[in-house]
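*Asks:* Can you read through this structure? Questions will come right after.
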Amino acid sequence: MSANPRHFFIIGAQRCSTTYLYHILAAHPQIEMAQPVRPEPKFFLREDFAQLTPQDYLAAHFDEAQKPLLRGEKSTTYIERDEAARRIAAWYPDAAIVISLRDPIARAVSNYRFSRDNGLETAPLDEAFYNEAVRSQQYDRARFSTSPFAYLQRGRYMDYIEVYLRYFPREQVHIFLAEEYVGQLAGVQAIYRALGADSAFVPPNYAQRYNASAGERDPLPPKLVAYLQDYYAESNARLAAFLGHDLRCWAVK
C-alpha cells in the first residue's frame with residue numbers, strides 16, 4: 001500500500017448510479033472511500049472551508065491508520081458547484097475527477113421520483129418538468145446545496161464538465177456511462193484500471209442494486225418524451241462529440 005494515497009472524487013451526477021459506484025470501489029482492497037456514504041461528506045462545500053486544512057479532511061472522513069493506494073470521496077453536488085472544483089484543485093491538483101452519467105431522461109425521472117419519495121416534491125411529473133425554469137429557483141438555500149427541482153438542467157452534462165475542465169486537465173477527468181458498467185464486471189474492472197487499481201479484482205457486490213427508485217421504468221407520455229428529446233438534443237450531441245462516443249444507447253425505449 002501507499003504512504004501517500006492518490007485521491008479521486010466522484011462528483012456526480014446525481015441519480016447516475018454513483019451509490020453503486022461508491023460500493024464497488026469501496027469493495028476494492030486498494031481503495032479507501034470517505035465515510036459516510038450518506039449523508040455525503042460535501043467537505044469542499046463547507047462554509048468554514050477557509051479555516052480548514054487537508055489534515056482536517058483526512059481526519060474527518062478517512063481512517064488514517066490505513067495506507068491504501070487510493071482514497072476517494074463521493075459527493076454528487078460537487079459537479080454543480082464551481083467552488084468545489086476550485087477548492088479540490090487547490091488541495092489535490094493531481095486528483096482524478098470521476099463522473100458517472102446515464103440517459104438524461106431516465107436520470108431526470110429518477111431524480112423527480114427520489115424527491116417525491118423523500119417528501120420534497122408534490123407536483124405531478126409533467127408539471128415539474130414543464131415549469132422547471134421557475135420552480136428550480138424556489139428552494140431553501142439554507143437547507144440544500146443545490147436545487148432539488150433542477151431535474152432537467154442537471155442532465156445537461158457538458159455544462160458541468162466544462163467547469164471542471166477549467167481546473168483539471170482532460171486526462172484527469174474520467175467519465176463513465178452507467179449503462180456500460182452497472183452490473184457488468186468488465187465495465188467495473190475498466191473503472192479500476194482507469195483509476196490505477198488492480199483491475200483483476202472481482203468485487204463480490206458488482207451484481208447488487210443500490211438506491212433504486214420505484215417506478216423508474218413506467219412509460220412517459222409521448223408528448224413529454226418528445227419535449228425531453230428536444231430539450232437534450234443539443235446537449236447530448238455536444239457530449240457525444242466530446243467523448244467520441246456513440247450515445248444511441250440513450251434512445252428512449
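*Asks:* What pairs can you find where one residue is in the range 175-194 and over 13 Å from Thr18 (Cα atoms), the other is at pLDDT 95 or above and in a strand (DSSP E or B), and their Cβ atoms are less than 6 Å apart, with a gap of 6+ or different chains?
*Replies:* Qualifying pairs under 6 Å: Ala194/His174.
*Asks:* How many of the residues in the range 28-65 are on the phi < 0 side of the Ramachandran plot, out of contact with any helix residue (DSSP H, G or I) (no Cβ under 7 Å at 6 or more places or on another chain) and either assigned to a loop (DSSP other than H, G, I, E, B) or not polar (S, T, N, Q) (or both)? Give the derivation first.
*Replies:* First pass over the range 28-65, keeping only residues on the phi < 0 side of the Ramachandran plot: 28-41, 43-65.
After this cut, where a residue has to be out of contact with any helix residue (DSSP H, G or I) (no Cβ under 7 Å at 6 or more places or on another chain) as well, the list is 29-30, 32, 36, 38-40, 46-48, 50-53, 55-56, 58-59, 62-63, 65.
Narrowing further to those that are either assigned to a loop (DSSP other than H, G, I, E, B) or not polar (S, T, N, Q) (or both): 29-30, 32, 36, 38-40, 46-48, 50, 52-53, 56, 58-59, 62-63, 65.
Final tally of qualifying residues: 19.
*Asks:* Let me confirm something: among Val188, Val202, which residue is surrounded by 14 or more Cβ atoms within 10 Å (Cβ to Cβ) and either touching a strand residue (DSSP E or B) at 6+ places or on another chain (Cβ under 9 Å) or at pLDDT 95 or above (or both)?
*Replies:* Val188
*Asks:* Could you identify the single residue in Ala133, Ala85 that is in contact with a strand residue (DSSP E or B) (Cβ under 9 Å, 6 or more places away or on another chain) and part of a helix (DSSP H, G or I)?
*Replies:* Just a single option satisfies the conditions, and that option is Ala85.
*Asks:* Quick one: how many residues across the range 24-40 are surrounded by fewer than 20 Cβ atoms within 10 Å (Cβ to Cβ) and within 14 Å of Glu73 (Cβ to Cβ)?
*Replies:* Final tally of qualifying residues: 6.
*Asks:* Need pairs with beta-carbon distance below 7 Å; first residue in contact (Cβ under 8 Å) with a residue 40 or more places away in the chain and within the range 149-160, second part of a helix (DSSP H, G or I) and among the basic types (Lys, Arg); sequence gap 6+ or separate chains.
*Replies:* What qualifies is Gly155/Arg107; Met158/Arg238.
*Asks:* Please go through (1) free of Cβ contacts under 8 Å to residues at least 12 places away in the same chain; (2) farther than 30 Å from Pro219 by Cβ for Ala85 and return the number of the only condition it doesn't satisfy.
*Replies:* (1)
*Asks:* I've got another one for you. Looking only at residues that are hydrophobic (A, V, I, L, M, F, W, C) and closer than 23 Å to Leu239 by Cα in the range 106-148, which one is surrounded by the fewest Cβ atoms within 10 Å (Cβ to Cβ)?
*Replies:* Taking the range 106-148 first, the residues hydrophobic (A, V, I, L, M, F, W, C) are 106, 108-109, 114, 120, 123, 125, 128-129, 133-134, 142, 144.
Then keep just the ones that are closer than 23 Å to Leu239 by Cα; that gives 106, 108-109, 129, 133.
Working: Ala106: 20, Ala108: 25, Val109: 23, Phe129: 22, Ala133: 10.
Among residues in the range 106-148 that are hydrophobic (A, V, I, L, M, F, W, C) and closer than 23 Å to Leu239 by Cα, the one surrounded by the fewest Cβ atoms within 10 Å (Cβ to Cβ) is Ala133.
The values are calculated or read from the model by the stated rules, or taken from the named source; none is laboratory data. All values derive from a computational prediction rather than experimental measurement. Cβ coordinates were reconstructed from backbone atoms using ideal geometry, including for glycine residues, and neighbour counts include every protein chain displayed.
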